[in-house]
Amino acid sequence: ALMAPIAPELLSAATWADILGAMMPLLIVAIGQTFVLIVAGIDLSAVSVLAMSSVLAAAVMTMDGGPLATAGPLIAVPAGILTFLAVGGLIGAFNGACVTRLNMPPFIVTLTTMMFFSGAAIWVTTLLTDDGSSIGALPPAFVYLGQGRILGIPVSVLIALVLGVAAHIVLSRTLYGRWLFAVGLNPQAAAVSGVPVRRVMFLAYVVSGLCAGLAAVIYTGRIETGTPVLGQRILLDVVGAAVIGGVSLFGGKGKIVWTVYGALFLTVVDKGLQLLGLSLASTFAVKGAVILAAAVLDAQRQRLAAR
């Protein structure tokens, strides 16, 4: 509403199509982040999951000398998608094991994981390609997942919709969802009540990894190449989408609908600042200020609740 008079293009149908297209993979990663934040954790490794899964899955599917180049899309594409999800799930499981079994701080675990796998993705790409930049020649059937439409609706929107509904049901209608909130509010009390705290937290990180792997499917299909720098600029947006939506950094509070609002808000702000001609640095500064304000409000709300 504030930016529309200055940048009227923000209200056009074409602009909103771009906004929804950019929002969907961000929303998918943010849904996974929501699960981790509810148990009072944090997952900074989402960007490394995007990069690592993109490179490895593209290497599996590529028609330019890949292992499944002659197998056909009916085999190559499902194998590639499984690779995306497997990489995400394994990295999430590693994070969860370090946090729950070794009692390591989530921030340190996921930060070092992000650094390691981001570097590993570049190293793998260097080994598999001549220029070390990306892996192309992906099957058209896979590219369709990032660019295609069904009855005029982008496939990415349908994927995000199904995931969002499933995640909402898990959080609001299942025993595991109640356990998540219980662990986030008070893990000691939850353990005394019989909640398997370690298992609940471990699965939250696995869900986060799987969501990042799924988002990598859309990102990679959209740009038609596997790249080790995929999503390197969205870490701030992933955490910010959840926090702006109202998911508490202190755990025990969050809804998928809130995360949807947060992802939409950040994407609209980002697009509006682009239309205003602001530089990338200025855009980062504005979004950082917005996310910081949301975090401060969350902290103050937590203090008031404690009183």
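The values are calculated or read from the model by the stated rules, or taken from the named source; none is laboratory data. Please read all numbers here as calculations on a predicted model, not as lab measurements. Heads up, the Cβs are rebuilt from the backbone with ideal geometry, glycines too, and the neighbour counts pull from every protein chain shown. For the accessible areas, the whole protein counts, side chains as well, though only heavy atoms, and no ligand, DNA or RNA atoms are used. Shrake-Rupley method; radii C 1.70, N 1.55, O 1.52, S 1.80 Å.
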Selected residue [buried (at least 17 other Cβ atoms within 10 Å of the Cβ) and hydrophobic (A, V, I, L, M, F, W, C)] from Leu138, Leu175, Leu158, Leu151: Leu138
All positions within region 227-250 that are in contact with a Gly (Cβ under 8 Å, 6 or more places away or on another chain) and either part of a helix (DSSP H, G or I) or open to solvent by less than 10 Å² (accessible area, probe 1.4 Å) (or both): Leu236, Gly240, Ala241, Ala242, Val243, Ile244, Gly245, Val247, Ser248
Matching helices (runs of 4 or more DSSP H) fully within region 66-173 where at least 3 residues are over 18 Å from Gly226 (Cβ atoms) and touching a Pro at 6+ places or on another chain (Cβ under 9 Å): 73-100
So Thr62, is it open to solvent by 30 Å² or more (accessible area, probe 1.4 Å) and of a type in the set (S, T, N, Q): no
From Val155, Val87, Val165, residue being of a type in the set (Val, Ile, Thr) and farther than 25 Å from Ala59 by Cβ: Val165
